[in-house]
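What follows is a short report on a single structure.
The values are calculated or read from the model by the stated rules, or taken from the named source; none is laboratory data. Owing to the predicted nature of the structure, the values given are computational and were not obtained by experimental measurement. Backbone-built Cβ (ideal geometry, glycine too); neighbour counts: all protein chains shown. Note: accessible area is taken over every heavy atom of the protein model, side chains too, but ligands, DNA and RNA are not part of it. Shrake-Rupley method; radii C 1.70, N 1.55, O 1.52, S 1.80 Å.
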Amino acid sequence: MKIDRIETFILHVPVTRGIIKDSTFSVTHRSAPGVILHTDDGVKGYGFTGTQGHLDSDRLIVGAIEKCYGPLLMGRDPTEARQIWQDLYHHPPLQYVGRGGIMHLALAAVDIALWDIKAKAAGLPLWRLLGGGADKQVAIYNTDAGWLNWPIERMVDDALAGISEHGFVGVKIKFGSPDLLNDVKRIAAVREAVGPDVLLMVDGNGRWDYPTALRFCQRIRDLDVTWIEEPLWFDDLAGHARLARAQQIPIALGEQLYLTDHFRDFIGAGAVHFVQPDAVRLAGITEWWRVADLAHANRLPVCAHTGDMMQVHAHLSVAHAGVTMLENLPWMRDCFVDPVAISEGHLVKPTLPGAGTTPTDDALRRFNVLNS
Ligand SMILES: [Mg+2]
């Protein structure tokens, strides 16, 4: 089998819940800049990365796919996904302009498309190709509830609705507003409403400095918080390690770490307890698996960040032994032929061959803005 044509797309999809905010910015759209790898025997692989809908940078990503990686992919056997990853990541002219950032996001889309082809060619959903077991249960916690711009009543009602309608095992609440004590009040209100049996996580999106984060941890320490996510700036390895030593709440991070090397350093420094790799920010499935192995070997649970809107991570979470939970962030569910599904708080295992990345014809017609 050989790759004989490369096509790109940018799905630009409005978030249907209205404007939502975390501590850093507002989200109105979600983008999936991606690639279709065509092969000479007719199998098509779909892969994409995920962004916050900034179309100018989305165009740079698909430009990198077409102009930088495209010529290197033509004629290759797509089932050699790991070897192709090595060749593309270490291609000398390209490694000088980006071992992270746009080049890495572009490589994520390519790598995911390669694995989609491998799974389709084998006639298996990706989780089966990767050796996952049909009995593996992946619990789902809800990220799509605790937005910082929502009044406290709406936030509490939505957290409760998710638990009663979908059986989510936990809920994640944003923090990092200018009013720390109000953030504490919101989190306490959710704990009070959901009771002691539901997991409660909190997420600051890298907003605070060290003393503010430490004070916050001290204020919420009696609320049985499973983890505090990104309390400090994303790259601050020393700060996270210091915070981990100074208080009791476990630290989660990884959605803004773009390389295996970064995860190795954070894990080695004791700066993270719940590891949150994202295949669309790392360079695809190949690198995500390496990070998950690294975390698992250090006896740290893997709870993927779902910048792919869960489609690929549903497969990876079933397949990798280190995964305990997955986050609910399904803003593009209707765009896919095999949309992620949840039943009684757990992932429903995908059944169609592939990585879950094939968009519907309708989604490509309505949301592809590549040529507009
Ligand atoms: Mg987060």
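Structure notes:
- Mean-position separation - Cα centroids, segment 162-226 and segment 274-319, in angstrom: 23
- Pairwise inverse Cα distances across segment 230-372, averaged and inverted, put the Kirkwood hydrodynamic radius at 16.1 Å.
- The HN-Hα couplings worked out from phi for segment 80-89 by the Karplus form 6.51 cos²θ - 1.76 cosθ + 1.60 (θ = phi - 60°) are 8, 4, 5, 5, 5, 4, 4, 5, 6, 5 Hz, whole numbers, x standing for Gly and Pro.
- DSSP beta bridges in segment 129-348 [antiparallel fraction, %, rounded to 5]: 15
- In degrees, nearest ten, helix 285-297 long axis to first principal axis of the chain (Cα): 40
- For a straight C-alpha distance cut-off of 21 angstrom, the lysines reachable from Lys67 (same-chain residues fewer than eight places away being disregarded) are Lys2, Lys44.
- Rounded to the nearest 20, the size of the Cβ-charge dipole of segment 129-348 about its Cα centre is 580 debye, with Lys and Arg at +1 and Asp and Glu at -1.
- Charge dipole of segment 129-348 about the Cα centre (unit charges at C-beta), most positive-ward option of Met201, Val138, Ala246: Ala246
- Dipole of segment 1-88, positive direction: furthest Cα of Leu88, Val15, Pro78, with charges on the beta-carbon: Val15
- Sum of -39500 (n - 2.57) over DSSP H runs of 4+, divided by residues of the chain (222 nm, nearest 500): -11000 deg cm²/dmol
- Computed over segment 56-106, Cα set: Rg, Dmax in Å: 10.8, 32
- Of all DSSP-defined beta bridges confined to the chain, some 50% are antiparallel rather than parallel.
- Loop exposure criterion: chymotrypsin sites (Phe, Trp or Tyr not before Pro), DSSP state outside H, G, I, E and B, at most 11 other Cβ atoms within 10 Å. Applied to the chain, the longest stretch between such sites is 97-372.
- About the Cα centre, charge dipole magnitude for the chain (Lys/Arg +1, Asp/Glu -1 at Cβ), debye: 300
- With Cα atoms, 0 to 90° folded angle of helix 180-194 axis to the chain main axis: 80
- Carbon and sulfur %, accessible surface of the chain computed with the full protein complex present, 1.4 Å: 51
- Segment 129-348 shape via C-alpha gyration tensor axes, a/c threshold 1.5: oblate
- Based on protein heavy atoms only, segment 129-348 ends up with 37 Å² per residue of surface accessible to a 1.4 Å probe.
- Taking the C-alpha atoms only, the angle from helix 152-166 to the longest principal axis of the chain is near 60 degrees.
- The alpha carbons of the chain stretch over 59, 43, 41 Å along the principal axes, in descending order.
- Set of lysines with alpha-carbon distance to Lys185 below 24 Å, sequence-local pairs under 8 removed: Lys21, Lys172, Lys174
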